[in-house]
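The values are calculated or read from the model by the stated rules, or taken from the named source; none is laboratory data. What you see is a predicted model, and the numbers here were worked out from it, not measured in a lab. Quick reminder, even Gly has a Cβ in these numbers, built from the backbone with ideal geometry, and neighbours come from all protein chains shown. Side chains included, ligands, DNA and RNA excluded: accessible areas come from the protein's heavy atoms. Shrake-Rupley method; radii C 1.70, N 1.55, O 1.52, S 1.80 Å.
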Amino acid sequence: MRYQRATASVPQAREGERVAVRAALERLGGGPHQRIVELGSGQGFGTSELLPRLAPQGQLIGVDASAAMMSRMAAHPQLKLHVGALDDMQMRPGSVDFAFSLAAFHHIPNKFIVMQELARVLADDACFMVIDVTHGTPAQEVFDYLVRPYCVSGHDADFLDEGWMRLLAARSGLRFESFELADMDWQFDDRASMLQYVCDLFCLRMSAEEAAPHIERWLKPYRRADGGWTLPWFMGVYLLRKVAQ
Ligand SMILES: C[S@@+](CC[C@H](N)C(=O)[O-])C[C@H]1O[C@@H](n2cnc3c(N)ncnc32)[C@H](O)[C@@H]1O
């Protein structure tokens, strides 16, 4: 899979994103958690930031539609993987004390139904943190105007913004707590590996050089003083909470 080729070719590319995700989790505080659910775990990039937040007997349940993606995740005694739909998490009401989703929520076609399911499984006072590409940012533009038309498998996605998240929260009975746009720049050793990474990660039906003007137009990559390349990347960090009725 080209996605795996990209992540294997430049394993450090998302380190800036990792630092930002860790900082958001640390700002939230709370825990240690007995049961965390992660929506759209993929290969486990965000999962590794969640595992240290578990209590010694706690469990992290990663839910993802793709068995192929989750098959790449390192096994961990406190990690359980569930391949399946997010609108039926097969968990008891009130049994989850933290829910998290990274770079995946835009894929969900029935966002309200999934939020309703989360409101059911979250315990009182538990939080749901969503980190995702946000409408009205360059990252959304590159998805809509480069990835959507040129991705070999298609990429029809709806990106959240603060207003939409507030509406979803209100309709599903969760309290909207905060939103911030965070820099999560991706880092590369050189321009060629940056362009190839983007082409492979997004499975683009074009060469790296053909993609270059599009990437430059929307994301404005730049050469750093150390000679490496930075691809500016932004995601929204949304925080919702289940409040006792
Ligand atoms: C861009 S990847 C992000 C994976 C991981 N969270 C990360 O940050 O590396 C998006 C993930 O969402 C999953 N996904 C897409 N649509 C989904 C759905 N409707 N239900 C569950 N997972 C879904 C994909 O299989 C993929 O693993």
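Just a few scattered comments:
- Of the strands (runs of 3 or more DSSP E) entirely within the range 43-107, those holding at least 2 residues that are within 19 Å of Val21 (Cα to Cα) occupy 54-64, 96-102.
- Restricted to the range 1-27, and to residues there that are touching a residue at least 40 places away in the same chain (Cβ under 8 Å) and of a type in the set (Lys, Arg), the residue that is least open to solvent (accessible area, probe 1.4 Å) is Arg14.
- Number of the condition not met by Arg148 [criteria: (1) among the basic types (Lys, Arg); (2) open to solvent by less than 60 Å² (accessible area, probe 1.4 Å); (3) in contact with a His (Cβ under 8 Å, 6 or more places away or on another chain)]: (2)
- In a residue-by-residue description of the range 212-230, the property of being open to solvent by 10 Å² or more (accessible area, probe 1.4 Å), hydrophobic (A, V, I, L, M, F, W, C) and farther than 30 Å from Met129 by Cα applies to at least one position.
- Residues being more than 8 Å from the ligand (Cβ to nearest atom) and under 13 Å from Asp132 (Cβ atoms) - total across the range 96-113: 4
- Some residue of the range 65-77 being within 8 Å of the ligand (Cβ to nearest atom), open to solvent by 20 Å² or more (accessible area, probe 1.4 Å) and closer than 22 Å to Arg120 by Cα: yes
- The lone exception for Leu160 - which of (1) touching an Asp or Glu at 6+ places or on another chain (Cβ under 7 Å); (2) surrounded by fewer than 17 Cβ atoms within 10 Å (Cβ to Cβ) it fails: (2)
- When the residues of the range 78-95 are filtered to those that are more than 10 Å from the ligand (Cβ to nearest atom) and in contact (Cβ under 8 Å) with a residue 40 or more places away in the chain, the one that is farthest from Ala55 (Cα to Cα) is Met89.
- Selected residue (criterion: farthest from the ligand (Cβ to nearest atom)) from residues of the range 118-127 that are assigned to a helix (DSSP H, G or I) and open to solvent by less than 20 Å² (accessible area, probe 1.4 Å): Ala119
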